[in-house]
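S.K.: Encoded as structure tokens, here's the structure I'll be asking about.
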Amino acid sequence: MQNGLNSSLTRRIVMTVVHQLSDWLWRFLIVITIVPVGWSATARAAPPVTLTAAERAFIQAHPVLTLGTGDAWEPYVIVSPDGHISGYDADILAQIKRLTGLDIRLLPGDWRLRQEQAQRREIDGLSTGGIHAERRVYLNFSDPYIRLNKFVLVTKGNPLNIRTRADLDGRSIAIHRSNLSDEKVAQGFPRSHIVPLDSVDAVIEAVSSGRVDATFDNGAMLYRANRIGSPYLQFALSINESLDLAFGIRNDWPEAISIINKALTALGDAERQRIQAHWFLTPLDNTKSLTSRVSLNNDETEFLDRLGAIRLCIDPNWMPIEALLPDGSHQGILHDLVAELMQRLGRNTELIRTTSWDESLATIRAGRCDMISGAAITPERSEYLNFTRPLLTEPLVLAIRADNTFDGSLNHYFNQTFIMVSGHAAIELLRRKNPAMRIVEAPDVATAIRAVANGNAFGYIDLLPTITWTAQHNNILNIKISGNLDEYYELAIAVRKELPLLLSTLSKAVASLHPEDIEKIRDYWISIRYEQPADYRWLWPYLCGGIALFVTMLLWTHRLTRLNEALRAANTRITLLTITDELTGLFNRRHFHEVMEREWRRALREQRPLHLLIIDIDYFKLYNDHYGHPAGDVVLKRVGHLLNFYTRRGSDFAFRIGGEEFAVLLTETNQDAALVFAESLRNGTEQLAIPHIGSHVAPVVTLSLGLVCIFNDSPTATLLNWETVYHRADELLYQAKTEGRNRVIAGQWHASTPHSATECHH
């Protein structure tokens, strides 16, 4: 027995000595170990963390902690196909282990499940989570390891022009279900329709496809969208909401929080920001970059090494934004910005010369160049391009002849001709918002401005620097800038979809540019290029006399002008009232017949088909009986809003033709696309998830749709018998109802055989 006691005592003494030696050796290694390449000077200078006896005992008793996190929260947590975990959180935890010895590992998965596991203490806590009172019941929280700013993401191109919080009134906002932060932010939007979805990827898909209008983000969703090949989201506005992420540990382990906080203090803010700059495509705060050289990961570096010189396409005739000189060199604001980006990446570009903007777009679409230095983000271009965040944001302005006037509203000038440079994104933007606007296209800026100066077009729409530059350098003096158009060009670097790693490297480089850097380059080109060499001092006497005369005339005509404006506005409102349904904001039945007749005549001239949908809300009378007519009006408004969103192209029209019945006319599409449109509309209504307890087909409000494909295949066809076609579409709607509702039934109507009907093939 005594020998056994002596042996046990000896073992304990030896273990104590070994433990003390290990502790001393660990601290010694922290001091002398050379930090691996890539860690900043701040990390190397971080002092070793001194732990208390209780904290050291905790690490010995709990050598590994497991924290739950989401499985799609990139770049905080990135899970590779082989299960390897990387990302911002992983790097922070690696530094905590380096400084303290506490090994904290991440367990990605469904976020709701991980929270439940933490409550049951099946895991030790949570990472990538906000500090919420609901979680303090079972967790203690560390100091924040990153501070995030909340902002709103929308479909690329911002088709609904969402720029303020008020613009989200009546809009649908998707959030990740069980994300407490987003749920609380959503409470600040009581007039928006909040749509909870089960995963981050589902949120990305819903906004990208247009099924919902917006979502909230803090940097992770944009990163994830690019990673999964769905880069169809863009920044819309900041909502001035911040979120602190902290590590949450079960609340019976206070020593763990103490250890983590000591490590975060030793790590320092600068090192955390450096790690942040490594992982995030855009900065999460407004601080300047720590270094002018961009930090790339191994995959990005290897890709750029394989790629070599980056093939660059530009707009060759768009000074001072950019242009191609006769000697083949590139100059302008975007040239200097791209040169700065390449310096930060340590790379070179190879200029692919083109003669027009249209040719540049065709060249990158064909894969013969890798990037475009400045392109506006549009849904059409997003089919084959990905975009960085915007480098420049410039308002569109209107240039007119010096002897013309413009009252600030394009709606009053639809009988006039406007001219723009072919291929520029603002053409589609303006045509979507003003389908009646008459726009002709010119090959270059100088040709367009001369057309205005010669009276061949009423106005030219472009950026102020471009108009001023071109007018001065081509001696075009009889034009003037009449004002801004409340539309903006956001110019970003565009990259071929096949090159996602090039997009991520360029996005990091763009993120490293401080706004002051961009403004300095912009101001340089605008200031030195807008100098007026002529001396106009002799004009002062005439100018003063003209001003006096102008003031006198202004006083005489001011009242008359105000009366004319009021009369014109009243006439516009009256016109809108006569063609608009008051409840839904859609066109009414009267305008339906006018548009049908007009579009049929146009279709006959252009030899193309039309597609008419007649739509009915399923069991709407039962809905009114159960929920009441005010609730029924809300349903009509929401369905009207959905129809308005789906028909936002200038060639599509939506009408309320009576009660719960709607119509949609598609004038520039084929029957396959029309069928896809109808099915998307049916599915989009179901996704609104409006409860309908009286429905016999679904627990939510649904639509039945009859689609008739109208073919003008008779050269002798004149006016279409709308009653015949309408009844054909109504028959198809009735068939959809009799076959179970919540479905699309389609058929054809031929002008050559108006009394026959066939199936509309998909």
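S.K.: In whole angstrom, how far apart do the alpha carbon centroids of the stretch 476-526 and the stretch 320-361 sit?
M.R.: Result: 13 Å between the Cα centres.
S.K.: Output ³J(HN,Hα) for the stretch 303-311: one whole-Hz value per residue in order, computed from phi by the Karplus curve 6.51 cos²θ - 1.76 cosθ + 1.60 with θ = phi - 60°, and x for Gly and Pro.
M.R.: 5, 5, 4, 6, 5, x, 5, 7, 6
S.K.: Follow-up question, since we're still on this one. For the stretch 589-759, how big is the tail of P(r) above 28 Å, as a whole percent of Cα pairs? Numbers along the way, then the final one.
M.R.: On the way: 3056 of 14535 pairs.
That fraction is 21 percent.
S.K.: Could you list which residues have their amide H under 5 Å from that of ILE310, counting only those 5 or more apart in sequence or on another chain, with H placed in the peptide plane?
M.R.: Here the answer is ASN348, THR349, GLU350, since their amide H atoms fall under 5 Å of that of ILE310.
S.K.: For HIS611, list long-range residues whose amide hydrogen, built 1.01 Å from N in the peptide plane, is under 5 Å from its own amide hydrogen.
M.R.: Amide H neighbours of HIS611: LEU666, ILE710.
S.K.: For the stretch 589-759, calculate the relative contact order in percent as a whole number, restricting contacts to Cα pairs under 8 Å that are 6 or more residues apart.
M.R.: 28 percent
S.K.: Rounded if a/c is under 1.5, else prolate if a/b is larger than b/c, else oblate: which is the stretch 394-498, with a ≥ b ≥ c the root eigenvalues of its Cα gyration tensor?
M.R.: oblate
S.K.: Also, I was wondering about something else. Ranking request for peptides 665-671, 403-409: highest mean number of other beta-carbon atoms within 10 Å first, then the rest in descending order.
M.R.: Ranking, from highest mean packing down: 665-671, 403-409.
S.K.: Same structure again: List the aspartates and glutamates whose alpha-carbon lies under 12 Å from that of LYS262, not counting same-chain residues fewer than 8 positions away?
M.R.: Of all the aspartates and glutamates, those that pass the test against LYS262 - Cα under 12 Å, at least 8 places apart if same chain - are GLU55, ASP143.
S.K.: Quick one: putting +1 on the C-beta of Lys and Arg, -1 on the C-beta of Asp and Glu, what dipole do you get for the stretch 46-286 around its Cα centre, in Debye to the nearest 20? Intermediate values should be presented prior to the final figure.
M.R.: Numbers: 26 positive and 29 negative charges, 41 e Å.
Magnitude of the dipole: close to 200 debye.
S.K.: Going by a ≥ b ≥ c, the root eigenvalues of the Cα gyration tensor, does the stretch 46-286 fall in the rounded group (a/c under 1.5), the prolate group (a/b larger than b/c) or the oblate group?
M.R.: Details: a/c = 2.09, a/b = 1.87, b/c = 1.11.
Cα axes put the stretch 46-286 in the prolate bin.
S.K.: For a quick check: sort HIS84, HIS641, HIS132 by the number of other beta carbons within 10 angstrom, fewest at the front.
M.R.: Placing the least packed residue first, the sequence is HIS84, HIS132, HIS641.
S.K.: In nm, give the distance between the simple-model label positions of ASP82 and ALA689, each being 7 Å from the Cα along the Cα-to-Cβ direction.
M.R.: The modelled label-to-label distance comes out at 3.9 nm.
S.K.: So for the stretch 394-498, averaging the separation of alpha carbon pairs under 8 Å that are six or more residues apart and normalising by length, what relative contact order in percent results?
M.R.: Relative contact order comes out at 47 percent.
S.K.: What size of dipole, in debye to the nearest 20, comes out for the stretch 589-759 about its Cα centre when the only charges are +1 on Lys and Arg C-beta atoms and -1 on Asp and Glu C-beta atoms?
M.R.: Details: 18 positive and 21 negative charges, 83 e Å.
Dipole of the stretch 589-759, to the nearest 20 debye: 400 debye.
S.K.: Order of 156-163, 294-301 by packing, highest average Cβ count within 10 Å first?
M.R.: For the peptides 156-163, 294-301, the packing ranking is 156-163, 294-301.
S.K.: For THR738, project a label point 7 Å along Cα to C-beta. Then give me every residue of the stretch 682-715 with its amide nitrogen under 18 Å of that point.
M.R.: 704-708
S.K.: If you count, for each residue, the other Cβ atoms within 10 Å and average over each peptide, how do 467-475, 602-610 line up from highest to lowest? Each step should come with its number before you reach the end.
M.R.: Working: 467-475: 17.3, 602-610: 15.1.
Ranking the peptides 467-475, 602-610 by packing returns 467-475, 602-610.
S.K.: Something else now. How high is the FRET efficiency between ARG177 and GLU679 when r is their beta carbon distance and R₀ equals 30 Å, given to the nearest 0.05? Please report the intermediate quantities before stating the final value.
M.R.: On the way: r = 26 Å, r/R0 = 0.86.
Working from the Cβ atoms, E equals 0.70.
S.K.: Pairs LYS433/LYS497; LYS637/LYS737; LYS433/LYS621; LYS150/LYS508; LYS184/LYS520; LYS156/LYS184: which are spaced more than 31 Å apart, C-alpha to C-alpha? Don't skip to the answer; put the middle values down first.
M.R.: Working: LYS433/LYS497 28 Å; LYS637/LYS737 22 Å; LYS433/LYS621 35 Å; LYS150/LYS508 19 Å; LYS184/LYS520 40 Å; LYS156/LYS184 25 Å.
From the list (LYS433/LYS497; LYS637/LYS737; LYS433/LYS621; LYS150/LYS508; LYS184/LYS520; LYS156/LYS184), the Cα-Cα distance tops 31 Å for LYS433/LYS621; LYS184/LYS520.
S.K.: Can I ask one more? Let a ≥ b ≥ c be the square roots of the eigenvalues of the Cα gyration tensor of the stretch 67-143; is it rounded (a/c under 1.5), or, if not, prolate (a/b larger than b/c) or oblate? Write out the running numbers ahead of the final one.
M.R.: Values: a/c = 1.80, a/b = 1.22, b/c = 1.47.
Oblate, since a/c reaches 1.5 and b/c is not below a/b.
S.K.: What are the ³J(HN,Hα) values, in whole Hz, obtained from phi via the Karplus relation 6.51 cos²θ - 1.76 cosθ + 1.60 with θ = phi - 60°, for each residue of the stretch 166-175 in sequence order, with x given for Gly and Pro?
M.R.: After applying 6.51 cos²θ - 1.76 cosθ + 1.60, I find 4, 5, 8, 4, x, 8, 9, 10, 8, 9 Hz.
S.K.: Label point 7 Å out from ALA698 along Cα-to-Cβ: which residues of the stretch 173-190 have amide N under 17 Å?
M.R.: No residue qualifies, since no backbone N sits under 17 Å from the label point.
S.K.: Once you place label points 7 Å from the Cα toward the Cβ at MET553 and ALA631, how far apart are they in nm?
M.R.: Distance between the two pseudo-spin positions: 6.3 nm.
Every number here is computed from the coordinates shown, using simple stated rules; none is lab data. No experiment lies behind these values; they were computed from the predicted model shown. Don't worry about glycine lacking a Cβ; one is built from the backbone with ideal geometry, like all the others, and counts go over all protein chains shown.
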